[in-house]
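The structure appears right after this line, and notes come after that.
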Amino acid sequence: MEILITGSNGLLGQKVVYGLLGDSLCILPDELRKQIKSEVEIIATAKGENRLLRKDGYIYESLDITNKSEVENIFSKYKPDVVINTAAMTNVDACETKREECWTANVTAMQYLVDALEKIGTHLIHISTDFVFDGMKGAPYDEKDKPNPLHYYALSKLEGEKIVMGSKLKWAILRTIIVFGVVDGNTRSNLVLWVKNNLEQKKKINVINDQFRAPTLSEDLAQGCILAAMNGAEGIYHVSGKETFCILDLANQIADFWKLDKSFINPVSSAELNQPAKRPPYTGFIIDKAKKELGYSPRSFKEGLEIVDMQLKVYSNK
């Protein structure tokens with residue numbers, strides 16, 4: 001089986017590559033490690049140079065998914081059995097202010113991918129977001145709930161979903177929530193690292209006290225992607241952490257885990273923070289479908305922090 005990953009320089013892309021390689025930098029459940037067959041061939045692609053520390057065991061190709069000819073050339077060259085698309089523009093507020101760039105990355109590029117893959121009959125696994133929902137349900141969402149995006153990023157991701165669903169491909173869409181983890185070189189931030197790093201520097205941070213999310217360990221989302229590939233999954237799956245917290249509570253748990261001073265955490269409301277893109281108040285997921293059909297098994301938030309801590313120590317020694 002040939003599996004091509006787009007966005008392999010990103011957090012999720014790296015974890016998928018390492019997971020398929022059986023590398024300790026992506027800790028997967030033992031059962032899944034056994035399921036990953038040795039004959040899997042990995043093609044990692046991303047825009048520009050390869051930023052993974054490990055360079056062996058896979059092929060790397062530079063690929064800008066917003067460049068139609070590059071997409072056509074790479075896919076016709078390798079004719080992958082599965083494509084796991086982790087590439088996207090994900091900075092929510094930047095998407096609100098740079099709408100043309102957002103649309104190109106999240107919508108136009110999806111059409112390029114689908115058009116090229118339809119010619120070779122590839123199984124497409126596409127990553128989407130909890131933000132396609134407006135958060136007004138007041139309870140966790142399942143796959144049958146109706147999307148209603150509140151901002152431009154969410155709109156672009158929903159339009160990308162529609163392109164995938166309207167294609168002739170065998171497809172699976174994995175929606176997720178607040179992905180956290182450690183990327184090679186520890187060069188990218190996320191909620192967990194943002195809180196940890198700022199509190200270590202004794203910087204005051206404004207943290208939302210009226211939004212609720214189910215944070216997702218990057219290894220767990222990679223697990224979902226690989227399970228979907230191995231099982232030939234089709235349809236929409238909600239793949240996130242199993243616990244939903246107030247974001248303020250998350251920040252406090254992060255501070256407690258690393259024994260940092262919580263007095264630098266300043267609780268603010270969504271109205272006070274007044275971000276360019278309006279966030280939904282509550283977007284936890286019901287993940288029963290992914291558990292039952294894929295064998296998805298996410299770790300607790302505390303277990304996720306333990307994995308992050310361990311990997312930060314590994315990178316500090318490299």
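Restricting the search to region 146-165, which residues are among the hydroxyl-bearing types (Ser, Thr, Tyr) and either in contact with a strand residue (DSSP E or B) (Cβ under 9 Å, 6 or more places away or on another chain) or surrounded by fewer than 20 Cβ atoms within 10 Å (Cβ to Cβ) (or both)? The one that is among the hydroxyl-bearing types (Ser, Thr, Tyr) and either in contact with a strand residue (DSSP E or B) (Cβ under 9 Å, 6 or more places away or on another chain) or surrounded by fewer than 20 Cβ atoms within 10 Å (Cβ to Cβ) (or both): Tyr153.
Contact map, region 104-130: first residue in contact (Cβ under 8 Å) with a residue 40 or more places away in the chain and within 13 Å of Glu70 (Cα to Cα), second residue outside any helix (DSSP H, G or I) and of a type in the set (D, E, K, R), Cβ cut-off under 9 Å, separation 6 or more or different chains; pairs are Ala109/Asp64. Of everything listed in (1) surrounded by fewer than 20 Cβ atoms within 10 Å (Cβ to Cβ); (2) in contact with a strand residue (DSSP E or B) (Cβ under 9 Å, 6 or more places away or on another chain); (3) among the aliphatic types (A, V, I, L, M), the single unmet condition for Ile36 is (2).
Give region 244-272 a look and list any residue that's within 30 Å of Glu143 (Cβ to Cβ) and modelled with pLDDT under 95, or say none. Please lay out each step first, then the result.
In the first step, residues of region 244-272 are kept if they are within 30 Å of Glu143 (Cβ to Cβ); the result is 244-251, 253-254, 270.
Passing the criteria: only Ser270.
Can you spot a residue in region 70-93 that is touching a residue at least 12 places away in the same chain (Cβ under 8 Å), out of contact with any strand residue (DSSP E or B) (no Cβ under 8 Å at 6 or more places or on another chain) and among the aromatic types (Phe, Trp, Tyr)? No, region 70-93 has no match at all. Where helices (runs of 4 or more DSSP H) sit wholly within region 209-318, those with at least 2 residues that are hydroxyl-bearing (Ser, Thr, Tyr) occupy 301-316.
Restricting to region 127-145, name every residue that is within 19 Å of Pro215 (Cβ to Cβ), surrounded by 15 or more Cβ atoms within 10 Å (Cβ to Cβ) and either within 18 Å of the chain's Cα centre (by Cα) or among the acidic types (Asp, Glu) (or both). Residues satisfying the conditions are Ile127, Ser128, Thr129, Asp130, Phe131, Val132, Phe133, Tyr141. Residues that are surrounded by 19 or more Cβ atoms within 10 Å (Cβ to Cβ) and among the β-branched types (Val, Ile, Thr) were ranked within region 199-235; the one that is farthest from Ala172 (Cα to Cα) is Val207.
Let's see how each residue does on (1) at negative phi; (2) in contact with a Ser or Thr (Cβ under 8 Å, 6 or more places away or on another chain); (3) polar (S, T, N, Q):
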{"position": "Asn198", "(1), (2), (3)": "yes, no, yes"}
{"position": "Lys204", "(1), (2), (3)": "yes, no, no"}
{"position": "Gln223", "(1), (2), (3)": "yes, yes, yes"}
{"position": "Ala228", "(1), (2), (3)": "yes, no, no"}
{"position": "Gly232", "(1), (2), (3)": "no, no, no"}
{"position": "Ser240", "(1), (2), (3)": "yes, yes, yes"}
{"position": "Ile247", "(1), (2), (3)": "yes, no, no"}
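The values are calculated or read from the model by the stated rules, or taken from the named source; none is laboratory data. Computed from a prediction, not measured in an experiment: that's the story for all the values here. All Cβ positions, glycine included, derive from the backbone under ideal geometry; neighbour counts span all protein chains shown.
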